[in-house]
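Okay, structure first, notes after.
The values are calculated or read from the model by the stated rules, or taken from the named source; none is laboratory data. Note that the structure is a prediction, hence the values are computed from the model and not measured. In this analysis, Cβ positions are derived from the backbone assuming ideal geometry, glycine residues included, and neighbour counts consider all displayed protein chains.
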Amino acid sequence: MIHIGRLAFLSTRKVIFCLAISTIFMIVSLLHLQGNYVIDSGFSFKDLTNFNNTLSNTVEKIKIYGDDSAKGNDILLSLVRNSELVGMLETVKQFEKRFNSKYHYDWYFMNDEDFDDVFIEVISEAVSGNAKFIKIPNEFWSYPEGIDQDRASTVREKSQQEHINYGGSESYRFMCRFNSGFFYKLEELKDIDYYWRIEPNVDFSCDIPYDVFQYMRNHNKKYAFNMALTEDERTIPTLWNATTDFFVENPKYIAKNNNLKFISDDNGKTYNLCHFWSNFEIASLDFYRGEKYNAYFDYLESKGGFFYERWGDAPVHTLAVSYMLSADEIFFVGNTGYFHHPNKDCPSDVVIRQKLHCNCNPGKDFTWHRWSCASKFFDVNNFVKPNTMTNIKYNYEEIYRSMLDNFQPPSKKSQLSAPGTSITSNN
Ligand SMILES: Nc1nc2c(ncn2[C@@H]2O[C@H](COP(=O)(O)OP(=O)(O)O)[C@@H](O)[C@H]2O)c(=O)[nH]1
Ligand SMILES: [Mg+2]
């Protein structure tokens with residue numbers, strides 16, 4: 001009897017204990033839900049019904065920066081079509097996971113047409129900062145005065161026959177002209193310091209463990225790239241001559257310790273076609289807004305090469321920054337696992353891949369491949385490549401520290417075996 005009474009007493013205590021735990025759990029869950037509601041309260045599906053496309057098209061969210069005071073007014077920036085929603089969403093999700101879920105930068109989307117409601121709804125949900133949707137004014141996405149449109153059309157037909165990439169496309173030319181001379185003139189970007197250009201359908205398969213915008217600001221970097229390759233010469237037959245003519249007329253715009261050796265192998269006589277691939281690009285808008293760049297763009301515009309050839313914004317930006325910035329104002333953002341068809345970045349150093357949780361095949365890396373121009377940027381300027389942990393440790397100390405701090409939940413394998421040990425299976 002004594003035993004039974006004691007058991008009954010113990011069971012009552014257990015029941016009370018369990019009830020207490022469940023109550024605490026319920027209260028915590030309710031608080032958590034409320035907290036989420038507060039953070040996300042800037043946007044909900046109910047709001048969407050009332051969403052007014054003609055209002056500023058900004059989806060406001062409450063920001064949760066760790067330290068607002070130190071931040072500049074920097075944004076992520078994508079030019080995209082409604083039809084590219086899924087590709088944009090995939091990019092946004094990866095980039096949020098690898099970078100922005102830590103920093104919550106605002107993300108601006110630009111389009112030559114109105115964004116549709118579904119695009120706005122889906123993308124706003126995926127972005128952790130505020131999302132802004134911008135309709136590009138028609139004059140930024142069309143022909144400038146003085147362009148002979150029959151000539152432009154003949155050029156497109158010929159380029160198509162020659163199988164030049166996008167050779168037959170008129171909209172691609174509007175896009176390149178917009179990215180060369182107009183995006184930075186958008187009213188919505190007038191107070192922005194730096195932008196990070198991100199395209200739909202690209203991958204980021206490694207963590208980016210530090211605030212690249214802050215790094216650039218702290219180290220006086222004005223332009224950043226990830227990949228560099230050679231341009232199809234048939235798209236820019238006269239761009240080099242137009243550029244050298246401009247700088248002969250305006251030598252005051254040439255920076256002292258410029259990056260000319262990156263773009264010319266014969267002291268400026270000819271262009272070696274190397275360019276920073278602008279689909280991944282971070283830059284100071286002040287550089288573009290400044291007198292020098294605008295004088296250069298206006299000169300190029302007057303030559304008509306965006307329509308009489310197929311000048312891309314990548315070589316235009318590259319030639320501009322290589323002439324007008326000092327080489328050490330140009331920054332290489334390495335080890336991002338970036339992919340834009342058909343080129344892939346994937347660190348060859350196993351420790352870098354581990355620290356950044358990379359999900360890529362180093363055998364497919366293009367960045368340090370002999371066809372890539374990235375090595376040239378380092379070689380001609382005597383900069384150290386951040387391609388090994390040792391190089392990063394001794395030359396990019398902040399980045400090294402951020403890699404060490406990058407949280408990695410212990411995997412089963414690393415709990416079971418020492419680093420470098422491999423487990424082989426006979427199966
Ligand atoms: N809104 C809009 N975006 C475009 C248009 N054409 C290209 N883009 C965007 O401009 C960027 C570059 O275009 P893309 O087709 O990727 O060219 P590629 O990177 O040179 O192969 C991408 O972000 C596209 O989504 C267009 O006609 N309208
Ligand atoms: Mg692209």
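Would you mind listing the helices (runs of 4 or more DSSP H) fully within the stretch 278-382 where at least 1 residues are within 16 Å of ligand 1 (Cβ to nearest atom), within 30 Å of Thr154 (Cβ to Cβ) and aliphatic (A, V, I, L, M)?
Of the helices (runs of 4 or more DSSP H) lying wholly inside the stretch 278-382, those with at least 1 residues that are within 16 Å of ligand 1 (Cβ to nearest atom), within 30 Å of Thr154 (Cβ to Cβ) and aliphatic (A, V, I, L, M) span 313-324.
Looking at the structure I just gave you, is Ile192 β-branched (Val, Ile, Thr) and more than 30 Å from Lys355 (Cα to Cα)?
Against the criterion (β-branched (Val, Ile, Thr) and more than 30 Å from Lys355 (Cα to Cα)), Ile192 qualifies.
With respect to Tyr296, determine if the residue is farther than 23 Å from Asn343 by Cβ, touching a residue at least 24 places away in the same chain (Cβ under 8 Å) and either surrounded by 20 or more Cβ atoms within 10 Å (Cβ to Cβ) or among the aliphatic types (A, V, I, L, M) (or both).
yes
In this structure, does Cys274 turn out to be touching a Gly at 6+ places or on another chain (Cβ under 6 Å) and more than 14 Å from ligand 1 (Cβ to nearest atom)?
Numbers: touching a Gly at 6+ places or on another chain (Cβ under 6 Å): no; more than 14 Å from ligand 1 (Cβ to nearest atom): yes.
So Cys274 does not fit the description; no.
With the condition kept exactly as written, say whether any residue in the stretch 182-197 is surrounded by fewer than 21 Cβ atoms within 10 Å (Cβ to Cβ), modelled with pLDDT of 95 or more, under 20 Å from the mean Cα position of the chain (by Cα) and within 14 Å of ligand 2 (Cβ to nearest atom).
yes
Of the numbered conditions (1) over 26 Å from Thr244 (Cβ atoms); (2) more than 23 Å from the chain's Cα centre (by Cα); (3) within 16 Å of ligand 2 (Cβ to nearest atom), His340 satisfies every one except a single condition; which is it?
(2)
For the stretch 160-174, state whether one or more residues are part of a loop (DSSP other than H, G, I, E, B), within 16 Å of ligand 2 (Cβ to nearest atom) and among the aromatic types (Phe, Trp, Tyr).
Yes, the stretch 160-174 contains a residue that is part of a loop (DSSP other than H, G, I, E, B), within 16 Å of ligand 2 (Cβ to nearest atom) and among the aromatic types (Phe, Trp, Tyr).
Those residues that are basic (Lys, Arg) and more than 16 Å from ligand 1 (Cβ to nearest atom), I need them from the stretch 187-209; list them, please.
Lys190
Among the candidates Glu113, Glu90, which residue alone is among the acidic types (Asp, Glu) and within 16 Å of ligand 2 (Cβ to nearest atom)?
Glu90
Within the stretch 129-169, which residues are of a type in the set (D, E, K, R), without any contact (Cβ under 8 Å) to a residue 24 or more places away in the chain and surrounded by 15 or more Cβ atoms within 10 Å (Cβ to Cβ)?
Listed by number, the list holds a single entry, Arg156.
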